[in-house]
Amino acid sequence: MADSFLSQDEIDRLLNADQESSEDSLGAGPDVGIKPYDPHTQRRVIRERLHSLEIINERFARQFRMGLFNLLRRSPDITAGNINIQPYHEFARNLPVPTNLNLLHLNPLRGTSLMSFSPGLVFMAVDNLFGGDGRFPTKADGREFTPTEQRVIHRMLSMAREAYEFAWSTIYKIKTEYIRSEMQVKFTNITSSPNDVVVTTPFSVEIGSHRGEFNICIPFSTIEPLRELLSNPPMDNSRYEDSNWRGLLASQMRETQLEVVAQFSDVDTRLSNVMQLKKGDVLSLDKQEFIEACVGGVPVFTAKYGSVNNQYALKVEQMVQPALSSLTKE
């Protein structure tokens, strides 16, 4: 008798049979697998890895560490995080409150970038600058920074700008320009739309057991002209290889054999006169003081016509191509 009873799984399948069949019939339509597309919310896909920007961030972390050591007289540990490529609203959503937001121009690049200091970093710097050891943590509580804290922020920002310019110097020369500081993200319009893509790099600062963070946020449209340069870092020995290549090419070019053609004179006549020429006819030529010598149809120098050791010869008077004269000087 026990075998005649249905199990719970069998009962569920019987009850859901009509629903599954209706879903199958609906799914068999022409819109199967089509996903809605909203152009306002679609992210821009960037597949390249910005190797040069990673090098810049590591170099900036080392340089900024030395600046903080000179300011605080304590040895900080600064670590550059992974580069994130995300919409601006996602970056702004994760910022703590209050956060010091500094707007910068990276001349000659277009657009406005952002360097943000978290409250933990600001309080840690102020505490260490005035001899504290972090035993009494400061709470933000949504308040604005005091004038003393703002002075420390400006000193750190000045060092960070100098270190960032140094980090970029070997890749591309930039000059940072301070615009203003803000406390709220809604006043930092560095992108035309919250969905615009930005390139952000988080940095972690540790002094003893205390930790703070700051971020550098650059709109992708700002560094897009340097996309190829940031994806493929330049080689350190590229200049040395270029000079060797140019020297080798110049030496090989000097050994190239050329045919020099000197044109003594031009005769203007008609085709009917040429057809009437006979053996023994004489064509009169105008004797020129200087004649032009060409290589491959390109004028090279002017010369005088004469003879040396019973051979026709040309005496060079003046070089025509300035590039050839500069090459001779080199």
Taking only protein heavy atoms into account and a 1.4 Å probe, give the accessible area per residue of region 259-323 in Å². 89
Name the long-range amide H neighbours of Phe301: under 5 Å, sequence gap of 5 or more, or other chain; modelled H, no Pro or chain starts. Ala293, Val320
Quick one: the Cα spread of region 75-115 along its three principal axes, in angstroms, biggest first? 33, 27, 22
Calculate log10 I(q)/I(0) of region 52-93 for q = 0.28, 0.32 Å⁻¹, where I(q) comes from the Debye formula with a single equal point scatterer on each Cα and nothing for solvent. -0.89, -1.01
Could you give the Stokes-Einstein D for region 97-230 in µm² per second, using the C-alpha Kirkwood radius, 20 °C, 1.002 mPa s? 134
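The values are calculated or read from the model by the stated rules, or taken from the named source; none is laboratory data. Bear in mind the structure is a predicted one, so any value in this text is a computation, not a measurement. Accessible surface areas use protein heavy atoms only, side chains included; no ligands, DNA or RNA. Shrake-Rupley method; radii C 1.70, N 1.55, O 1.52, S 1.80 Å.
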